[in-house]
Amino acid sequence: MVTILFFWLAAPDIDVPRPCDMGLQGCFHIIGLWTVGTFGECFHEQIGFLLGQGRGFKKVAMQFHWNNPQLKPDYVDSSGMVLHLTKNKRTHNAGVLQVGQNNIQLAPGVEKITVEGSCTPDMSRLRLTGPIHFTTGFNHMHYLGRAMNMEHIRNGAKLRDLTMDEVYSYDSPVIHNYAESIRFEPGDEIKTSCHFKTTERSKTVFQGDGTNDEMCYGFLTYYPAENMRNPYCIQWRGLDSSIFYYQETINGCVWQDFLNTSIPTTQALHTRVLSHCSHLGLCLKECVSVIKEAKQHPCLQGDMHEYFRTVAREDGVKNAQLALLFSALDSCDTEMALESCPKPVTDPTSTSSTLQFSVFWIGAASILRFIM
Ligand SMILES: *[C@@H]1O[C@H](CO)[C@@H](O)[C@H](O)[C@H]1NC(C)=O
């Protein structure tokens, strides 16, 4: 058994420990991470992360993903990290770009399943105010991951592979260093392809933080940080995952209202569907036209429709009402049923100057207890 730890440093506006949800909830900036099998990373000699006044990070959060599926009481962790701070700033301020796919559903017993994600031309254009340069890249999946790559694409044409791991192993990730940094322009694309093997599993595996869940992420260290608005460039199906954090309306769907049955229009939709349809697998004749009408709703179309279905699946207790709605909506639609079953760092000089930390080393590997 392996203990997994993830270190994330971000600039959140929170001051107490809490579940972190893989860097979301507004923490989009990673400034260092460690995973099983890596031994710390020395940054490219021209880059460092800016801390302190002005544009520097003023708060950091450390995020740990511990794995203890058997809930053993004697698991102890004493890992930590050392930040090296200097006033002697390096030439460029760095950042970490995260790309990949947040929607993963892997059927059991399959030799090869490919999951793709993209930081699309539109998504990169939205995020970049100028070109950036990659210095390192690495792939991240969990134990079902077998091979992975990120491709750099410009105007629809592939320029290069960024992180081709023809054989991927969760326990020994490869950090790809670029001797010459790679220039990435606004409007360029990064396509991520993750290949999984599920022959050893008997149940469907979904995306999640746990070691037995799966992930499909790529991490790229870049400079200059000043040219990046938001380094979280990950899709949820075809959607830009980030827009849930700053857009109330997605493809015409006011998504928070759709989740809130106190909102009159949402309530009306639920009432109409549930008063005409059965959620017990019966297709009632009067239900057919009601479903047809309900599916005109912008929140019940395309990727948003799938998004809410996932919300209901992931937390069926909290979202019992939503789950009921989906059962009713699916009651006359066997085709749809088949489709869903697819083949703190403190600034030592505190007020006076802006600091950068240039090299970091995580002492976790040596002091972490791996319990076999
Ligand atoms: C749901 O909507 C009601 C009415 O607008 C509002 O008062 C409430 O805070 C909302 N609940 C959530 C969880 O957003």
Region 33-69 versus region 96-119: alpha-carbon centroid distance in Å: 24
Electrostatic dipole magnitude of region 2-247 [Cβ: Lys, Arg +1; Asp, Glu -1; Cα centre; debye, to 20]: 480
Sites residue 185 and residue 244, calculated FRET efficiency, Cβ-Cβ separation with R0 30 Å, nearest 0.05: 0.70
Relative packing of 140-153, 241-254, which averages over residues the other C-beta atoms within 10 Å, highest first: 140-153, 241-254
Under 5 Å, built H, 5+ apart or other chain: amide partners of residue 187: 124, 125
Relative contact order (%) - criterion: Cα under 8 Å, at least six apart; region: region 2-247: 27
Built amide H within the under 5 Å cut-off of residue 207, gap 5+: 104, 214
Distance between modelled label sites at residue 226 and residue 275, nm, 7 Å Cα→Cβ extension: 6.1
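Which order do the peptides 73-82, 29-38, 60-69 come out in when sorted by mean C-beta neighbours inside 10 angstrom, highest first?
So the peptides 73-82, 29-38, 60-69, ranked by packing, come out 29-38, 60-69, 73-82.
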Within-11-Å neighbourhood charge of residue 195 [Cβ basis; K, R +1; D, E -1]: -1
Region 70-229 - percent of accessible surface contributed by carbon and sulfur, probe 1.4 Å: 47
Protection proxy ranking of 219-232, 259-272 - average other beta-carbon atoms within 10 Å, highest first: 219-232, 259-272
Phi-based couplings in Hz for region 53-58 (Karplus 6.51, -1.76, 1.60; Gly and Pro marked x): 4, x, 7, x, 5, 10
Whole-Å distance, taken between Cα centres, linking region 144-207 and region 283-336: 34
Options 281, 294, 260, ranked by Cα towards positive dipole end of region 236-307, top entry (Cβ charges): 281
Relative contact order computed over region 19-116 (Cα-Cα under 8 Å; 6+ residues apart), in percent: 37
Karplus (6.51, -1.76, 1.60) ³J(HN,Hα), θ = phi - 60°, over region 33-48, in Hz, Gly and Pro reported as x: 8, 10, 9, 3, x, 9, 10, x, 9, 9, 6, 2, 5, 9, 10, x
Charged-residue dipole, Cβ positions (Lys, Arg, Asp, Glu), region 170-257 about Cα centre, Debye nearest 20: 260
Reachable lysines, given that their alpha-carbon falls under 23 Å from the alpha-carbon of residue 87 and they are not under 8 places away in the same chain: 58, 59
Overall form of region 2-247 per C-alpha gyration tensor (a/c, 1.5; a/b vs b/c): oblate
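The values are calculated or read from the model by the stated rules, or taken from the named source; none is laboratory data. This one's a predicted model, so the numbers in the text were calculated from it and none came from an experiment. Don't worry about glycine lacking a Cβ; one is built from the backbone with ideal geometry, like all the others, and counts go over all protein chains shown. The area values use the complete protein model at the heavy-atom level, side chains included, leaving out ligands, DNA and RNA. Shrake-Rupley method; radii C 1.70, N 1.55, O 1.52, S 1.80 Å.
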